[in-house]
Amino acid sequence: MVYTERNGDQRHHLKSMLMRESLLDKDLQKSTETPVIRMLPDAHVIKIGGRSIIDAGRAVTYPLVEALATSLQSKKLIIGTGGGARSRHLFSIGIDLGMPTGVLAELAQADALGNAHILGALLAPYGVVAIPPEIFGHLLPLFIHTVPGVIFTGVPPYSLWEHPPALGRIPPHGSDTGSFLLAECFGCKNPILVKDVDGLYDQDPKTNPTANFIGEISSSEIKKRNFETLPFDRILLDLLDHSKLIRQFQIVNGRKPERIVAALQGEHVGTIVYAG
């Protein structure tokens, strides 16, 4: 550590561009635009939907587990889980009782953690472990270099400090967001979001059979077109634009598990959303 004396006052000061400046100064913030290291560049982050996949039971979940097991033979996987129907039920009760967004976020965490343990049990024969949120971030590099894959609750731990949404009270940072933020922080490969649709459509394909599939689209174009619904957390669009390492993610259909294997091989088999 380098110390310097200033103005002959015999006091020691840290030599740092941040030491005596406001961290809110725009010019200072701009000066921090420096390269960011990738801590786990070879790891794949894949988010498994709770409602879309795990809630569907054995018929949908078991083939997905087999696809993940195939990929685990050659890939390091960091698997995030989302909540399902239970989260929606809890949200309904909590909103009716007047619970704030932060409390609803706590409830979402609990449901996603339950799905992490379920998926962890199914993948245990392949050496995959579910890691408690309290130690996940600190020990992730150790675990990912020790075992072929790990599972975590994709809901980010904002908990009571969850950001208020622009509309309504449902927590804006869901498990898609948490999985994306993890990939960004650790510098992993582009995230894969596993849903029950082939990707993004211009309308909800479940209610409109004439909806048009979109294979590739930018975050700015999605904002411009203002889709009524999206198959991922809407806040991902802003995060994607501001991220330093992750510049795109892909949505794939987990009910066609062969597409998961292909996506992990780098193939374009769903919708790619990219920054721009």
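The values are calculated or read from the model by the stated rules, or taken from the named source; none is laboratory data. Source: prediction; values computed, not measured. Reconstructed Cβ throughout: ideal geometry from the backbone, glycine too, with neighbour counts over all protein chains shown.
Observations, loosely collected:
- Taking every residue in region 216-236 that is touching a residue at least 24 places away in the same chain (Cβ under 8 Å) and pairing it with any residue that is in a loop (DSSP other than H, G, I, E, B) and surrounded by 18 or more Cβ atoms within 10 Å (Cβ to Cβ), at least 6 positions away or on another chain, the pairs with Cβ-Cβ distances below 8 Å are PRO231/VAL197; PRO231/GLY199; ASP233/PRO172; ASP233/HIS173; ASP233/GLY174; ARG234/PRO172; ILE235/PRO172; ILE235/HIS173.
- Number of the exception - VAL65 against (1) closer than 14 Å to ILE192 by Cβ; (2) touching a Leu at 6+ places or on another chain (Cβ under 7 Å): (1)
- Against the conditions (1) out of contact with any strand residue (DSSP E or B) (no Cβ under 7 Å at 6 or more places or on another chain); (2) touching a residue at least 24 places away in the same chain (Cβ under 8 Å), VAL150 satisfies every one except (1).
- Looking only at residues in region 1-51 that are charged (D, E, K, R) and modelled with pLDDT of 90 or more, the one that is surrounded by the most Cβ atoms within 10 Å (Cβ to Cβ) is LYS47.
- In region 212-238, the residues that are of a type in the set (A, V, I, L, M, F, W, C), at pLDDT 95 or above and either more than 16 Å from SER52 (Cα to Cα) or surrounded by fewer than 15 Cβ atoms within 10 Å (Cβ to Cβ) (or both): PHE213, ILE214, ILE217, ILE222, ILE235, LEU236, LEU237
- Assessment of region 141-155 against the conditions (in a helix (DSSP H, G or I) and more than 18 Å from the chain's Cα centre (by Cα)) yields at least one matching residue.
- Options ASP111, ASP55: the member that is touching a Gly at 6+ places or on another chain (Cβ under 6 Å), within 27 Å of TYR158 (Cβ to Cβ) and without any contact (Cβ under 8 Å) to a residue 40 or more places away in the chain: ASP55
- Qualifying positions in region 52-104 - among the polar types (S, T, N, Q) and either buried (at least 19 other Cβ atoms within 10 Å of the Cβ) or closer than 28 Å to GLY266 by Cα (or both): SER52, THR61, THR70, SER71, GLN73, SER74, THR81, SER87, THR101
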